[in-house]
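Asks: To start, I am sharing the structure in question, which I have written as structure tokens.
The values are calculated or read from the model by the stated rules, or taken from the named source; none is laboratory data. As the structure is a prediction and not an experimental result, all values here were calculated from the model. We place every Cβ from the backbone using ideal geometry, glycine too, and count neighbours over all the protein chains shown. Side chains included, ligands, DNA and RNA excluded: accessible areas come from the protein's heavy atoms. Shrake-Rupley method; radii C 1.70, N 1.55, O 1.52, S 1.80 Å.
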Amino acid sequence: MNAAAVTFAAVFAVLYAAHEVGDHWAQRSAEALGKGGPGWRGRWLCARHVMTLAAGKAAALGLAAVVLGLPLNVWAVLAALTVDGISHYWADRRTTLMRLARWVGKGEFAALGDGAAAPAGTGAYALDQSWHVLWLFVAALIIGGAA
């Protein structure tokens, strides 16, 4: 197996773990509840969440690079985290991802569940998380491809 493939696999695992912690444990309640809200407050809460998430992913990548000896290119990491951050912000503003869901015929699935009672058990949540994982994959390809 070549260095790019090994780096991709390790980076994807690191980004996925950091995403899970950052999107669920590190995210402040105000961000989780308000990041999809209207106006500057909603945009700021979403941006703050994404910046915290990116910092956590960068720290996790740095730790993994040191411990595992991963050949990470700093510019590729910055590019990957930027792409991931933009996609995360876009989805977490909520109306954008819901519009996409309706456009591709997933509107009914997105509406499943009671968002007020169990936001983590809704169709919208499943689409949100799968969107994020897709972009973690893209980010890992960017970083792995530069190894």
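Asks: Taking interchain pairs and intrachain pairs at least six residues apart, which have beta carbon atoms under 9 angstrom, with the first residue in the stretch 19-45 and in contact (Cβ under 8 Å) with a residue 24 or more places away in the chain and the second basic (Lys, Arg) and open to solvent by less than 30 Å² (accessible area, probe 1.4 Å)?
Replies: Here the result reads HIS19/LYS57; GLY22/LYS57; GLN27/LYS35; GLY42/LYS35; ARG43/LYS35, each pair linking the stretch 19-45 to a residue that is basic (Lys, Arg) and open to solvent by less than 30 Å² (accessible area, probe 1.4 Å).
Asks: Further, regarding this structure: Taking the condition of being within 15 Å of ALA139 (Cα to Cα) and open to solvent by 60 Å² or more (accessible area, probe 1.4 Å), how many residues in the stretch 14-23 meet it?
Replies: Pass one, the stretch 14-23, residues within 15 Å of ALA139 (Cα to Cα): 14-19.
Okay, now just the ones that are also open to solvent by 60 Å² or more (accessible area, probe 1.4 Å), so 16.
Residues in the stretch 14-23 being within 15 Å of ALA139 (Cα to Cα) and open to solvent by 60 Å² or more (accessible area, probe 1.4 Å): 1 in total.
Asks: From the residues in the stretch 24-67 that are assigned to a helix (DSSP H, G or I) and among the basic types (Lys, Arg), which one is least open to solvent (accessible area, probe 1.4 Å)? I'd like the intermediate steps shown before the answer.
Replies: Restricting attention to the stretch 24-67, the residues satisfying the condition of being assigned to a helix (DSSP H, G or I) are 24, 29-34, 39-67.
Now narrow it down to the ones that are among the basic types (Lys, Arg): 41, 43, 48, 57.
Numbers: ARG41: 161, ARG43: 81, ARG48: 63, LYS57: 1 Å².
The qualifying residue least open to solvent (accessible area, probe 1.4 Å) is LYS57.
Asks: Could you say which residue among THR122, THR52, THR82, THR95 is under 14 Å from ALA18 (Cβ atoms) and of a type in the set (Ser, Thr, Tyr)?
Replies: Working: THR122 fails: under 14 Å from ALA18 (Cβ atoms); THR82 fails: under 14 Å from ALA18 (Cβ atoms); THR95 fails: under 14 Å from ALA18 (Cβ atoms).
Unique residue meeting the criteria: THR52.
Asks: Something else now. Any residue in the stretch 54-67 that's within 14 Å of ALA79 (Cα to Cα): show its pairings with residues that are open to solvent by 30 Å² or more (accessible area, probe 1.4 Å) and of a type outside the set (Asp, Glu) at Cβ separation under 8 Å, as long as the two are six or more apart or on different chains.
Replies: LEU61/LEU72
Asks: Here's a follow-up. Please work out which residue is farthest from ALA13 (Cα to Cα), limiting yourself to the stretch 68-81 and to residues that are assigned to a helix (DSSP H, G or I) and touching a residue at least 12 places away in the same chain (Cβ under 8 Å). Reasoning before the result, please.
Replies: First, pick out the residues of the stretch 68-81 that are assigned to a helix (DSSP H, G or I): 68, 74-81.
Checking the rest, the ones that are also touching a residue at least 12 places away in the same chain (Cβ under 8 Å) come to 68, 75-77, 79-81.
On the way: LEU68: 13, TRP75: 20, ALA76: 17, VAL77: 15, ALA79: 18, ALA80: 14, LEU81: 15 Å.
Among residues in the stretch 68-81 that are assigned to a helix (DSSP H, G or I) and touching a residue at least 12 places away in the same chain (Cβ under 8 Å), the one farthest from ALA13 (Cα to Cα) is TRP75.
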